[in-house]
Amino acid sequence: LMQLFSSSNTLWVGDAYADVGKIKRIMQPHPCLYGTTVPDAFWSSITKKTLHDGFVGRLIPIEAGYVEFTEPQAGGPPPMELTERIRAWINFIPGIGNLSAENPTPVVLPHTEAAKERAVAQSREIGKRLRDDEDVAAALWSRSTERVSKLALLFAASRIAPGMPGCIEIEDVERAIAISNWITRRILKRAFEQVAENDWESKKKRLLRVLEKPLTGNELCRKTQWLKRRERNDLL
């Protein structure tokens, strides 16, 4: 996945086989994976290694939180303008000729001058903070500039249809920076709370999450029945 992510402007070649026909080649790969799960299951699967090597920094994790039940509402059809724009992007083939689907010619959306200045300024700000950040924080913040570029491009593309003139506006960049910064800070907070290198550290962080609110001794015992008494005392 990390190789594909970093090969979006090149030819990606899969593992070599004796049978040349089995070797996969993808021009400008751009895999998009969408997955859902509960927060604890996701964060408990993250390791220090995936924080350091940039894998988690390439993700866009969004936590929805608890959603109150509401009465079902009768919904009408989506706006025609929206469905037509989405259909146009689905049917869009970037290039001309019978090989354009396999060898696409990307559409380039330029920045306005203000948007370009803001994007460059954000890159400089991130570069300065990386000098003093710890390894995990530096690994995550170093990916935030790349995320800003992708999100700003998506925001701009969502306003237009293929073939229409358009550009990345300052509003696109500002929105992308706000979301990217929130995501990075959220990953750092969750990593501090839940990512552990061993079973003992995992239990300690789980106990700290239980103790976020004041508890009596009896309440603590009930909420930590997964611990033996000696383990609980040692952890405390």
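I need a count of the residues in the stretch 1-13 that are open to solvent by 80 Å² or more (accessible area, probe 1.4 Å) and within 22 Å of Asn103 (Cβ to Cβ). The qualifying residues number 3. Among the criteria (1) over 22 Å from Thr184 (Cα atoms); (2) free of Cβ contacts under 8 Å to residues at least 12 places away in the same chain, the one Pro106 does not fulfil is (2). Inside the stretch 100-114, can you point out the residues that are under 15 Å from Leu154 (Cβ atoms) and either in a loop (DSSP other than H, G, I, E, B) or touching a Pro at 6+ places or on another chain (Cβ under 8 Å) (or both)? Those that are under 15 Å from Leu154 (Cβ atoms) and either in a loop (DSSP other than H, G, I, E, B) or touching a Pro at 6+ places or on another chain (Cβ under 8 Å) (or both): Pro106, Val107, Val108, Leu109. Of the residues that make up the stretch 162-184, is at least one among the basic types (Lys, Arg) and closer than 30 Å to Ala119 by Cα? Looking for residues that are among the basic types (Lys, Arg) and closer than 30 Å to Ala119 by Cα, one finds at least one in the stretch 162-184, hence yes. It is to be established whether one or more residues within the stretch 197-206 are modelled with pLDDT of 85 or more and under 22 Å from Ser6 (Cβ atoms). Looking for residues that are modelled with pLDDT of 85 or more and under 22 Å from Ser6 (Cβ atoms), one finds none in the stretch 197-206, hence no.
When Asp40, Asp19 are checked against the criterion of being farther than 25 Å from Ala191 by Cα and modelled with pLDDT under 85, Asp19 stands alone in meeting it.
In the stretch 137-146, the condition of being over 26 Å from Phe92 (Cα atoms) and among the basic types (Lys, Arg) is met by at least one residue.
The values are calculated or read from the model by the stated rules, or taken from the named source; none is laboratory data. Predicted model, so just to flag it, every value in this text is computed and none were measured. Every residue, glycine among them, receives a Cβ derived from its backbone with ideal geometry; neighbour counts consider all protein chains shown. Just so you know, the surface numbers come from the protein's heavy atoms only, side chains and all, with ligands and any DNA or RNA stripped out. Shrake-Rupley method; radii C 1.70, N 1.55, O 1.52, S 1.80 Å.
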